[in-house]
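Trainee: Could you have a look at this structure, given as structure tokens, before my questions?
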Amino acid sequence: MGKLIIVSNRLPVTVSKKKSKFSMQPSVGGLVTGVSSLDMSGEQVWIGWPGITLSGYSTKSDSQELKDKLSEYNYRPVFLKRNDFENYYQGFCNEVIWPLFHYFVQYANYEKSYWDSYKRVNEAFSQAVLEVAKDDDVIWIHDYHLMLLPELIRKKLPKVKIGFFLHIPFPSSEIFRLIPWCAEILEGLLGADLIGFHTFDYARHFLESVRRVLGYEHTLGQITLGNHAVKVDTFPMGIDYSKFSQAPDTKEVQLSISKLGENIKEDYKVILSIDRLDYTKGVPERLEAFDYFLDKNPSYKGKVIFIVVAVPSRTEVEHYRLLKEQVDNLAGRINGKHGTIGWTPIWYMYRSFGFDDLIALYSIADVLFLTPLRDGMNLVAKEYVATRKNEDGVLILGEMAGTAKELGEALIINPNDLQGTAKALKDAITMPIQEQKRRMISMRGRLERYDVKRWAHDFMDRIGHIKEVQKQLTSKGLSQSRRNKLLQSYSRSKKALFLLDYDGTLMPFNERPEKVKPDKELKDLLGSISRNSKNNLVIISGRDRKTLDRWVSNVSNGLVAEHGVWIKEKKSWETLEMLSDEWKEEIRPILEVFVDRTPGSFIEEKDFSLVWHFRKVDPALSIVRVGELKDVLLHITANLNVGVLEGNKVIEVKDTGINKGKAAMHLMSREKWDFIISIGDDWTDEDVYEVLPEWGYSIKVGFGPTKARFNLPSFREVRKLLKDIIETKT
């Protein structure tokens, strides 16, 4: 394994410049801890913005000096222009992604210049990565600031391992699709090998968005795009458990606890709330619930204090300034309403705390009260649990936090339920110590087992696993050596048979099948092959005979229509066996009902088959309707001589005696072929692969289970192969 390259918006240090000198303050966080725990055989490199824009450097020597200083720690800075940084970070990240992903759609600002800067910054990060990355490296990209980066890197380094982890929620597809550039964002993310989320809900939302916006299906969280498989999975981020569990015993923390204790009476019940002051955290709702609790439980006045720590955040943004005013006013109003001489119900502190003071607050709190309206994980809840060495204390947690999926022993509430939240406060304060211990022991054990180090190791292991899956998928790939053997076999042959599917093989799919006419490149390719006297090129398709006649009869030597119903070898169409279409009258009304119930679907009628197309149907709805239709058809057709076939976005009802394999056998029997090649993309082509001789070249377009000997990733690669065949000397 090569080196590990971590890429995040910010480097794990904060750089500042004073009196022409740079100084660096290291950051302390879960990501840094998790990454440092990884046992990599190679080096580690961290790429990110250093916290200062290009205008902070007076000369080129300044930027070089900073580069040199950071390189001592294996950090590589990405320098950004002030305007780009502001539009990318303050603009797109904080005014589009942050509010939308947290369901505050009313705050979103879809400014085009924000998007343009977001793209430029992602490209700048891409250049920084490409300067140091090699094929055997692992690149781990973090968070919503860099969602275009995986694809940008993949285009230049297709073999490199790329992981992406989103540290905030991923919204439902209905919310995500509000972003005008949602398709580009998804394409960017799908450049990764592994995409990680905190919870199953976020992963499910992402997969649904991919299906609805891009039309890509998944199987057990795996999306296959050509020869590239992407795994989507959940990895609930942990904390440095040992650090937090041992911290209360240190002298520094004990001193902080003593100082706090001087101002808190022994019989007080202490409720603690710690958050960044962000509109997603539900701080006003929490204060309102505490106010309601005191209204309904006046006997607790003078016995409970609520310590509210609001860490300043994005103070230059209008929404945050208004939020601070709201919280300031609420805290003042509640204290004025309920407070007495000698007792202030809310201790409101608008500032951050150092580590020792933070642990001291966790240690004295009988209840941790967290009710975010939407939160990716919320590690504060985990930190509180880890510090409770006496295994007491109660956690009240909003169900919209990712942590709520793990810490089910907490009192889980809906942050918008005022009465329910107030009741949870009373339940927490009055909970017997035995019940507190039962809940806390269970949560502590879970957090100890799955800490941040385990999180990081699991993610790395999963990247390795998906790479192995990709190798299996591409094991049948038409490598250069296999390609050369095929071309040599063709060059030595005297009679060559080409059995080529049309849709998805020679041409891409389209929502409107009538729009997939052959382009000039394809006509030239097919014409060059079919004009060679040793070749017999047959288009073997599910299309009706009139369409095939109109589109490709003049560039082929033969045609097979409707999956083998009709064969045209000379001038006229013939059938291999007598067929009946009387069953159509019984089946057509059923398909018409499903068309009426399924917007975007339509019926195609062929001579001896009926086809229900659902390529334009909402993917989520199509899953339901396909299942329903297959159940109905299988029941109705049980006594008819027809079968139900599921193809690529189609359900086809046709005579059971019809398949491409029978047509292929007929064609193979006409001559003594010494070269046969069959190329197709769906299950209907498997019948052809099955009847081909072992020495024949069967090729499936796309990846997955198949009887074909080889794979090609797309119709473009099929065309390249046909072009190589044309240019082969015979």
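Trainee: Once fully extended, how much extra length lies between T656 and E111, figured as 0.36 nm per residue of separation less the alpha-carbon to alpha-carbon distance?
Mentor: Gain in length upon complete extension: 190.6 nm.
Trainee: Where in segment 246-300 are there GluC sites (Glu not before Pro) that are in a DSSP coil and have at most 10 other Cβ atoms within 10 angstrom of their Cβ?
Mentor: E262, E266
Trainee: Once you place label points 7 Å from the Cα toward the Cβ at D68 and H635, how far apart are they in nm?
Mentor: For the pair D68/H635, the computed spacing is 8.0 nm.
Trainee: Find the centroid of the Cα atoms in segment 424-452 and in segment 75-136, then give the distance between the two in whole Å.
Mentor: Cα centroid of segment 424-452 versus Cα centroid of segment 75-136: 39 Å apart.
Trainee: Output ³J(HN,Hα) for segment 80-87: one whole-Hz value per residue in order, computed from phi by the Karplus curve 6.51 cos²θ - 1.76 cosθ + 1.60 with θ = phi - 60°, and x for Gly and Pro.
Mentor: 10, 6, 4, 5, 5, 4, 5, 5
Trainee: Of all beta bridges DSSP finds with both residues in the chain, what is the antiparallel percent, to the nearest 5?
Mentor: Among the beta bridges of the chain, antiparallel pairing accounts for roughly 30 percent.
Trainee: Check which residues have an amide H placed less than 5 Å from L712's amide H, if you skip close sequence neighbours.
Mentor: K700, V701, G702
Trainee: I need the shape label for segment 584-655. Rule: rounded when a/c is under 1.5, else prolate if a/b > b/c, else oblate, with a, b, c from the alpha carbon gyration tensor.
Mentor: Prolate shape, in that a/c is at least 1.5 and a/b is the bigger ratio.
Trainee: With unit charges on the beta carbons (Lys and Arg positive, Asp and Glu negative) and the dipole taken about the Cα centre of the chain, which residue among T403, S491, V160 sits farthest to the positive side?
Mentor: Result: S491.
Trainee: Let me spell out the model: positive unit charges on the Cβ of Lys and Arg, negative unit charges on the Cβ of Asp and Glu, origin at the Cα centre of segment 4-234. What dipole size does that give, in debye rounded to 20?
Mentor: The calculated dipole for segment 4-234 is roughly 580 debye.
Trainee: Let me ask something additional. Got a sec? Charge dipole of segment 4-234, +1 on Cβ for Lys and Arg, -1 for Asp and Glu; which of H145, L80, I47 is way out at the positive end?
Mentor: The one lying farthest along the dipole's positive direction is L80.
Trainee: Turning to a different aspect of this structure: Based on the alpha-carbon gyration tensor of segment 465-602 and its eigenvalue square roots a ≥ b ≥ c, which shape applies: rounded if a/c is under 1.5, prolate if not and a/b is larger than b/c, or oblate?
Mentor: It is oblate, given that a/c is not under 1.5 and a/b is not larger than b/c.
Trainee: Moving on. Which part of segment 641-662 falls in the paramagnetic zone of I603, meaning amide N under 15 Å from the point 7 Å along Cα-to-beta-carbon?
Mentor: 651-654
Trainee: Let me ask something additional. Rounded to the nearest 10 degrees, what's the angle between the helix 452-473 long axis and the longest principal axis of the chain, both from Cα atoms, 0 to 90?
Mentor: 0
Trainee: Still on this model: With respect to the cross-link table entries K672/K723; K155/K453; K570/K707; K630/K707; K700/K723, which display a Cα-Cα separation exceeding 20 Å?
Mentor: Violating the 20 Å Cα-Cα cut-off are K672/K723; K155/K453; K570/K707; K630/K707.
Trainee: Relative to the longest principal Cα axis of the chain, at what angle does helix 112-130 sit, 0 to 90 degrees, rounded to 10?
Mentor: Helix 112-130 sits at roughly 80 degrees to that axis.
Trainee: Can I ask one more? Within 14 Å, Cβ to Cβ, of V15, how many net charges do the neighbouring residues add up to if Lys/Arg are +1 and Asp/Glu are -1?
Mentor: Summing Lys and Arg as +1 and Asp and Glu as -1 gives +3.
Trainee: Continuing with this model, one more query. Which entry in (1) 82, 68, 53; (2) 79, 73, 48; (3) 104, 66, 43 is this structure's computed Cα extents along the principal axes in Å?
Mentor: (3)
Trainee: Enumerate by residue number the GluC sites (Glu not before Pro) in segment 541-623 meeting two conditions: DSSP loop (anything except H, G, I, E, B), and at most 15 other Cβ atoms within 10 Å of the site's Cβ.
Mentor: For GluC sites (Glu not before Pro) across segment 541-623 that sit outside H, G, I, E and B with at most 15 neighbouring Cβ atoms in 10 Å, the list reads E577, E582.
Trainee: Between S23 and K523, what is the spin-label point distance in nm, taking each point 7 Å from the Cα along the Cα→C-beta axis?
Mentor: 7.4
Trainee: Suppose every K and R has +1 on its Cβ and every D and E has -1 on its Cβ; what is the size of the dipole of the chain about the Cα centre, in Debye to the nearest 20?
Mentor: With only Lys, Arg, Asp and Glu charged at Cβ, the dipole is about 1940 debye.
Trainee: Which trypsin sites (Lys or Arg not before Pro) in segment 111-170 sit in a loop by DSSP (not H, G, I, E or B) and have at most 16 other Cβ atoms within 10 Å of their own Cβ?
Mentor: Answer by residue number: K134, K159.
Trainee: If we count every other residue with Cβ under 12 angstrom of K517's Cβ, Lys/Arg +1 and Asp/Glu -1, where does the sum land?
Mentor: It works out to a net charge of +3.
Trainee: Any aspartates and glutamates with Cα under 17 Å of the K134 Cα? List them, leaving off those in the same chain fewer than 8 positions away.
Mentor: In chain and number order, the partners are E43, E151, D193.
Trainee: Reachable lysines from K296, Cα under 28 Å, same-chain residues fewer than 8 places away excluded?
Mentor: Cross-link targets: K265, K269, K281, K324, K337, K423, K426, K437.
Trainee: Set the Förster radius R0 to 60 Å, insert the Cβ-Cβ distance between K546 and E43 as r into 1/(1 + (r/R0)^6), and round the FRET efficiency to 0.05.
Mentor: Once rounded, the FRET efficiency stands at 0.40.
Trainee: To continue, here is another question. Rounding to the nearest 10 and keeping the result within 0 to 90°, find how far the Cα-based axis of helix 480-492 lies from the longest principal axis of the chain.
Mentor: So the inclination is approximately 10 degrees.
Trainee: Next question. Pick out, from S245, L633, I433, the residue whose Cα sits farthest towards the positive end of the charge dipole of the chain, with +1 on the Cβ of Lys and Arg and -1 on the Cβ of Asp and Glu.
Mentor: S245
Trainee: With a ≥ b ≥ c taken as the square roots of the eigenvalues of the C-alpha gyration tensor of segment 243-440, please select rounded if a/c is under 1.5 and otherwise prolate if a/b is larger than b/c or oblate if it is not?
Mentor: The shape class here is rounded.
Every number here is computed from the coordinates shown, using simple stated rules; none is lab data. If you're wondering where the values come from, they're calculated on a predicted model, not measured in any experiment. Every residue, glycine among them, receives a Cβ derived from its backbone with ideal geometry; neighbour counts consider all protein chains shown.
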